[in-house]
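Written out below as structure tokens is the structure these notes cover.
Readers should treat all values here as calculations from the given coordinates under stated rules, not as data from a laboratory. In this text, all values refer to a predicted model and were calculated from it rather than measured experimentally. Positions of Cβ are backbone-derived with ideal geometry, glycine not excepted, and every protein chain shown enters the neighbour counts.
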């Protein structure tokens, strides 16, 4: 009985910890539906985060800028809204072409995706 409870508690914490990385995102239509508002910068030096768009969900890992866009909001760790202007955004992002270029430029904004 005790072993079952310990395994259940351990499993719960594993489940919670796995959702803390927030690399599965869903784009919402309205700002009030979003957890984070992002603006797509024109140049990489304007971005807080350089994002690489993953092809498969199982490639997601820690909070390092590798995103997978889900088809449904309930599959995502974070819901994002694409703002029209930089001053409306919490985080400015820039989409890059290579996975090894992804990552945070401004670590002060990293907390938005935890």
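Quick notes on this structure:
- Sequence-separation-based contact order of segment 21-114, relative, with Cα cut under 8 Å and 6+ spacing, percent: 45
- Between residue 70 and residue 27, the contour length at 0.36 nm per residue exceeds the alpha carbon distance by 14.6 nm.
- Potential extension, residue 53-residue 111 segment - 0.36 nm per residue separation minus Cα distance: 18.9 nm
- Summary of packing: across the peptides 60-71, 27-38, the per-residue average of other C-beta atoms within 10 Å ranks them, highest first, as 60-71, 27-38.
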